[in-house]
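Q: This is the structure, below, for whatever I ask next.
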Amino acid sequence: MSIGHTLLGLLESGPRHGYDLKRAFDEKFGHDRPLHYGQVYSTMSRLLKNGLVEVDGIEPGGGPERKRYAITDAGITDVQRWLATPEKPEPYLQSTLYTKVVLALLTRRDAADILDTQRAEHLRMMRILTDRKRKGDLADQLICDHALFHLEADLRWLELTAARLDKLAEVVTK
């Protein structure tokens, strides 16, 4: 996820302080990975330097001055360009799990055990996500569906690989 573009998009509704941006980000996107304040302020500094935001006001506070940021026309154009650009599908052609299976075969370890352990971990995560989906709002449900569909695809790969393990062993240990 592009944090900069996300913060710019949040600014389109109106100027905000860094604290407000962090809170809005965490509420909408950061359930599992909230932003650190330092990340917000370093990102805003970079966006300011690049002319995508401007300081709309400075207010004194109990601590450091609070800057209110506003998106510029260039920032709006940048967000529009980012939104219109499709994300590159990630084919996972060289996954860590595949590497572990092949290395297990090469070193005469039990690759089936690796697949079984991974299957159990995927199922555990799917139960957690299903519970979260059941209790969550629409945004949480959609996020969980996305993750669940990826885990289901991984499970299909695990099953297919387990079924072909003997043949894979022949190929990689030649």
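Q: Just the accessible area per residue of segment 94-171, please: how many Å² with a 1.4 Å probe?
A: 69 Å²
Q: Additional query: Using the basic label-point model (7 angstrom from Cα toward the beta carbon), what is the Met125 to Gln80 distance in nanometres?
A: Output for this residue pair reads 3.8 nm.
Q: Find me the longest stretch of the chain that has none of the exposed GluC sites (Glu not before Pro), where exposed means in a DSSP loop (not H, G, I, E or B) with at most 11 other Cβ atoms within 10 Å.
A: Here the longest segment lacking exposed loop sites spans 88-174.
Q: Excluding residues on the same chain fewer than 8 positions from Lys135, give the lysines whose Cα lies under 28 Å from its Cα.
A: Lys22, Lys28
Q: Could you sort Thr107, Thr43 by their accessible area in this structure, using a 1.4 Å probe and putting the largest first?
A: Listed by decreasing accessible area, they come as Thr107, Thr43.
Q: Straight-line reach only, C-alpha to C-alpha below 19 angstrom: list the lysines that Lys49 could link to, leaving out same-chain residues fewer than 8 apart.
A: Lys67
Q: Suppose only helical runs count, i.e. DSSP H with n ≥ 4. What mean residue ellipticity at 222 nm does that imply for the chain under -39500 (n - 2.57) per run, divided by all residues and rounded to the nearest 500 deg cm²/dmol?
A: Taking each H run of at least 4 residues, the total per residue is -21500 deg cm²/dmol.
Q: Of the heavy-atom accessible surface of the chain (probe 1.4 angstrom), what whole percent is carbon and sulfur?
A: Roughly 55 percent, rounded to a whole number.
Q: Quick check for you: with a 1.4 Å probe and neighbouring chains kept, what is the accessible area per residue of segment 1-82, in Å²?
A: For segment 1-82, the solvent-accessible area averages 60 Å² per residue.
Q: Sequence-distant or interchain residues sharing an amide H contact under 5 Å with Leu52, placed H: which?
A: Here nothing satisfies the definition.
Q: Can you return the aspartates and glutamates within cross-link range of Lys167? Criterion is Cα-Cα under 16 Å, with same-chain partners fewer than 8 residues away left out.
A: In chain and number order, the partners are Asp110, Glu159.
The values are calculated or read from the model by the stated rules, or taken from the named source; none is laboratory data. Keep in mind it's a predicted model, so treat the numbers as computed, not measured. A quick note on method: Cβ atoms are made from the backbone with ideal geometry, for glycine too, and the neighbour counts reach across all protein chains shown. Note: areas computed on protein heavy atoms with side chains; ligands, DNA, RNA excluded. Shrake-Rupley method; radii C 1.70, N 1.55, O 1.52, S 1.80 Å.
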